[in-house]
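Comments concern the structure below.
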Amino acid sequence: PVPQNGVPGETLSPTQPFPTHPKPLHNSVVTPDTAAGFTPIDRWDCARKIEKLRWDGPFTPPTLEGSIGYPHTSGGGNWGGLAIDPERAIMILNQTQMAQVNRLIPREEAKSIDRSKMQYPNELYEMTGTPYVLVRTALSSFLGAPCSPMPWGTLTAVDMKSGEVKCQIPFGTLEELTSWPVTAMFRKTGAPNFGGGMATASGLYFIGASMDGYFHAYETETGKELWRTKLPFGGHSVPMSF
């Protein structure tokens, strides 16, 4: 069973399929108590925002008041997909762990919105043929920090036989995303990322994808980073081997 009570006129499915092997790998907790931020002040700002929004799990329907979408539409399993090491029966998945706000606006009211002033990450979707327009924004603090729990980017290795998570580590840093000094703490936050990785027969996992511009090599079995180098540009496609 999944949440009901969407907007007037909407028909929601009473159930949705949930994976069991492995179980869902994305974080499913977003509450005022788990709010993140760069400082205590913007963590308070995030907690206040979360408190006012509807969140009943990943199938929370959009509402007029505003609902949390988690995972973010650019997050979860991400663009690059997963990599599989068939010899070791390990699956590795790159994820962005960020949330957004989905708000439906009656079509007549939406006519007053100045679309020219809507810049990313604010998005507007016409949804032609429905009574509503969708406005989607990042769930972030006034300082621009994601409000969802850290880490905001992860690499997860799963034992394909048991379905259990072998390890999960933060992936990506804020090095190229903020003008704030990158302290040791900020290196552990993980960060939004785009792209997938490649597993090799030798037990290595290679991936770019991170917004900080690094290209990495990890040990498939342990998730230990063995090597990294800075690329001149973002490496957001899946690596190739020759």
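The values are calculated or read from the model by the stated rules, or taken from the named source; none is laboratory data. All of these numbers come straight from a predicted model, not from anything done at the bench. Note that we place each Cβ from the backbone using ideal geometry, even for glycine, and neighbour counts take in every protein chain shown. Note: accessible area is taken over every heavy atom of the protein model, side chains too, but ligands, DNA and RNA are not part of it. Shrake-Rupley method; radii C 1.70, N 1.55, O 1.52, S 1.80 Å.
If a/c stays under 1.5 just call it rounded; otherwise compare a/b with b/c (prolate if a/b is bigger, oblate if not). Do that for the range 1-60, with a ≥ b ≥ c from the square roots of the Cα gyration tensor eigenvalues.
Values: a/c = 4.61, a/b = 1.49, b/c = 3.09.
Oblate shape, in that a/c is at least 1.5 and b/c is the bigger or equal ratio.
If a/c stays under 1.5 just call it rounded; otherwise compare a/b with b/c (prolate if a/b is bigger, oblate if not). Do that for the range 18-94, with a ≥ b ≥ c from the square roots of the Cα gyration tensor eigenvalues. Could the numbers behind the result be given before it?
Values: a/c = 2.79, a/b = 1.89, b/c = 1.47.
Judged from the Cα gyration tensor, the range 18-94 comes out prolate (a/c at least 1.5, a/b above b/c).
Give 188/230; 49/224; 117/188; 161/224; 49/188 a once-over and call out the pairs whose C-alpha atoms are over 27 Å from each other. Intermediate results must be reported in sequence, preceding the final value.
Details: 188/230 18 Å; 49/224 36 Å; 117/188 34 Å; 161/224 21 Å; 49/188 24 Å.
Those over the limit are 49/224; 117/188.
Can you report the principal axis dimensions of the chain using only the alpha carbons, biggest first, rounded to whole angstrom?
59, 43, 35
What does the charge dipole of the range 21-82 about its Cα centre add up to, to the nearest 20 debye, if the Cβ of each Lys and Arg holds +1 and the Cβ of each Asp and Glu holds -1?
Dipole of the range 21-82, to the nearest 20 debye: 80 debye.
For each cysteine in the chain, check whether another cysteine's C-beta sits under 4.7 Å from its C-beta; list those where none does.
167
Please report, as a whole percent, how much of the solvent-accessible surface of the range 23-133 comes from carbon and sulfur atoms (probe radius 1.4 Å). Before the final figure, lay out each step's value.
Working: 3410 of 5990 Å².
On the range 23-133, the fraction of accessible area on carbon and sulfur atoms equals 57 percent.
Quick one: dipole size for the chain, taken about the Cα centre, charges +1 on Lys/Arg Cβ and -1 on Asp/Glu Cβ, in debye to the nearest 20.
Roughly 160 debye, rounded to the nearest 20.
Using only alpha carbon pairs under 8 Å that are at least six residues apart, calculate the relative contact order of the chain and give it in whole percent.
On the way: 559 pairs, mean separation 40.0, N = 242.
Over the chain, the number comes to 17 percent.
Output needed for the range 49-159: three equivalent-ellipsoid semi-axes, defined as square roots of 5 times the C-alpha gyration tensor eigenvalues, in descending order, whole Å.
On the way: eigenvalues 206, 47, 35 Å².
The equivalent ellipsoid of the range 49-159 has semi-axes of 32, 15, 13 Å.
Mind pulling the angle between the C-alpha long axis of helix 40-52 and the longest principal axis of the chain? Nearest 10 degrees, somewhere in 0 to 90.
With rounding to tens, the tilt is 50 degrees.
Rounded to the nearest whole Å², what accessible area per residue is found for the chain with the 1.4 Å probe?
Details: 12940 Å² over 242 residues.
Averaged over the residues of the chain, the accessible area is 53 Å².
Taking the chain as a Gaussian network, Cα atoms linked when under 10 Å apart, which of 28, 162, 148 shows the biggest mean-square fluctuation?
Among 28, 162, 148, the largest GNM mean-square fluctuation belongs to 162.
Using per-residue counts of other Cβ atoms within 10 Å, averaged over each peptide, order 13-21, 188-196, 90-98, 229-237 from highest down. It would help to have the intermediate numbers written out before the result.
On the way: 13-21: 9.1, 188-196: 21.2, 90-98: 24.3, 229-237: 12.2.
Averaged packing, sorted descending, gives the order 90-98, 188-196, 229-237, 13-21.
Report the full-extension gain for the segment residue 15 to residue 107: residue separation times 0.36 nm, less the Cα-Cα distance, to one decimal in nm.
Answer, rounded to one decimal: 30.3 nm.
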